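In what follows, a single structure is set out as structure tokens and then discussed.
Nothing in this text is a laboratory measurement; each read-out follows from the coordinates by a stated rule. Since we're looking at a predicted model, the values are computed, not measured. Because the Cβ atoms are built from the backbone with ideal geometry, glycine has one as well, and the counts that use them run over all protein chains shown.
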Amino acid sequence: MVEGVADAVMPFVRRADGVLVIGPPGVGKTTFLRDVVRQLAADLGPKVVVVDTSNEIGGEGLVPHPVLGAARRLQVPMPDYAAGETFPAMLARTYLEALANHGPQVIVGNEVGFPEDVAVVEVLQHAARWALGEPDALERALRAWEEVAPA
């Protein structure tokens with residue numbers, strides 16, 4: 001963990017409606033996200049929720065990485081392939097669980113790699129706008145969810 005690696009962009013991150021971090025392997029995306037989480041969790045505590053697909057941000061096992069501070073971590077469960085579950089469906093459920101059950105101000109995820117993930121991010125965006133008082137945003141969120149809802 002390189003503390004302070006995100007300092008230069010934190011004013012933007014705090015004001016943005018969303019931030020997408022992309023790059024090839026090994027350039028520091030996870031290091032950057034950990035520092036973003038550290039700084040946001042210092043201010044917002046459990047209102048920061050990390051959806052962790054491969055335990056990269058939150059660390060392995062039951063004890064979260066110290067960088068999370070008071071942030072919450074939701075680990076994406078392994079799908080039961082024999083029952084027809086898919087990884088994208090499990091990831092979608094976990095993102096939506098974060099929104100529905102944890103009242104986040106910020107959701108940090110380390111994977112958006114499937115079309116279903118993009119659709120869920122769109123649902124989250126509409127739902128967040130509804131929570132902020134945009135009256136028809138909930139209807140848009142529900143319509144978007146109907147398109148991607150896991151069976």
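Structure notes:
- For the stretch 1-79, GluC sites (Glu not before Pro) meeting the loop criterion (DSSP other than H, G, I, E, B) and having at most 14 other Cβ atoms within 10 Å: Glu3, Glu60.
- When each of the peptides 6-14, 86-94, 62-70 is scored by how many other beta carbons lie within 10 Å of its residues on average, the order from highest to lowest is 86-94, 62-70, 6-14.
- Across the stretch 102-108, rounded Karplus estimates of 3J(HN,Hα) from the backbone phi angles (6.51 cos²θ - 1.76 cosθ + 1.60, θ = phi - 60°) give 10, x, x, 8, 9, 10, 10 Hz, Gly and Pro being marked x.
- Amide H contacts of Gly109 (H built 1.01 Å from N, under 5 Å, at least 5 apart or other chain): Val51
- The HN-Hα couplings worked out from phi for the stretch 18-23 by the Karplus form 6.51 cos²θ - 1.76 cosθ + 1.60 (θ = phi - 60°) are x, 9, 10, 10, 10, x Hz, whole numbers, x standing for Gly and Pro.
- Label-reachable residues, the stretch 90-107, where backbone N falls under 15 Å from a point 7 Å from Val19's Cα toward its Cβ: 105-107
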